[in-house]
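Working notes, structure below.
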Amino acid sequence: MERKKREEKTRSSSDGRAEDRVGSVDPYGFERSKDFDYESYEELMSEYLVVLTRRSIKWSKLLKGKSKVQKNIKLKRYVRKGIPNEHRALIWMAASGAQDQLEKNPGYYQSLLGAQHDPKLVETICTDLNRTFPDNVQFRKTSNPCLQKALYNVLLAYGHHNASVGYCQGMNFIAGYLLIITKDEEKSFWLMDALFGRILPDYYTPAMLGLKTDQEVLGELTVLRIWDCLFYEGSKILFRVALTLIHHNQALIQQAQSLPDVCQNFKQITHGPFVDECHTFMQVKGKIFIEPGSLSSATLNKLRATCRSRIIAEES
């Protein structure tokens, strides 16, 4: 009798649609697409949850409630395996140097917001606010709180902080992601400073020379797990990801008959089972840390210097 009750309870817990159990909005506030495969996602997460739980326990033991961390081999290994959501802001701030800058410049962020604002900068930022993540419920005016105001503040402060750059198209999405993760304006501002000033210099400038340079070397790809490594190891992680995807999709890429075909195929390789299984793809002994082979910062910097010179010569 008791066994029958347990079986009925198990059956009832699995009744209903996967869509109802998973929810139409993901943990970061993004609405799932109409063709989202809820059943496959639920099946994947039922297995991956064990990995996430085990990783979260290890991270908690490593940090032991600390508000600061030092970069070392063990931490690097942990970052490559993925940072739990609850620790992501702390590690990004520490690894990128953003926390040091925040502490060295108390009140600086607020002073930027209180300063006289450039009307042209304000107008440019406001133009892009409603275009930022329209599929994310946290950025809608009906949301409480609405992240649009925080996004405006971060972009405005950074525009005055780095007047030579001001605001460039695309910055709104970067700042938006940072706000989703940190839930803190000032931290998002200093992470932007680290990202645009040191990790990806010249990526977001009027000339976008850094981005053009790295596209010349290979290309640019980012997802949240990659951001973990990006803040810790720098931009070389982008090349590891891109090289791995290209290696695994050579046949598809070679089928292209025109430039639009190439672009479409490159979009296609960023989706599917190979990248959806992020644990296998991103773990220390996974694809991106083995298949591209040795990829040192010195090698990338040498290639950047060559490609940068070529681009400047072509555009002059």
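The values are calculated or read from the model by the stated rules, or taken from the named source; none is laboratory data. In this text the structure is predicted, and so the values were computed from the model without any measurement. All Cβ positions, glycine included, derive from the backbone under ideal geometry; neighbour counts span all protein chains shown.
A few remarks follow.
- Helices (runs of 4 or more DSSP H) (entirely within segment 165-244) containing at least 2 residues that are over 11 Å from the mean Cα position of the chain (by Cα), modelled with pLDDT of 75 or more and of a type in the set (A, V, I, L, M): 171-182, 185-194
- Pair list, Cβ under 8 Å, 6 or more apart: segment 41-52 residue in contact (Cβ under 8 Å) with a residue 24 or more places away in the chain, other residue not charged (D, E, K, R): Glu42/Ala18; Glu42/Val22; Tyr48/His279; Val51/His279; Leu52/Pro84
- In this entry, Asn105 passes the filter for residues that are surrounded by fewer than 15 Cβ atoms within 10 Å (Cβ to Cβ) and at pLDDT 90 or above.
- Enumerated helices (runs of 4 or more DSSP H) restricted to segment 20-100, each holding at least 3 residues that are surrounded by fewer than 15 Cβ atoms within 10 Å (Cβ to Cβ) and among the aliphatic types (A, V, I, L, M): 38-63
- Selected residue (only one of Lys71, Lys81, Lys58 is farther than 14 Å from Glu233 by Cα and out of contact with any Pro (no Cβ under 8 Å at 6 or more places or on another chain)): Lys58
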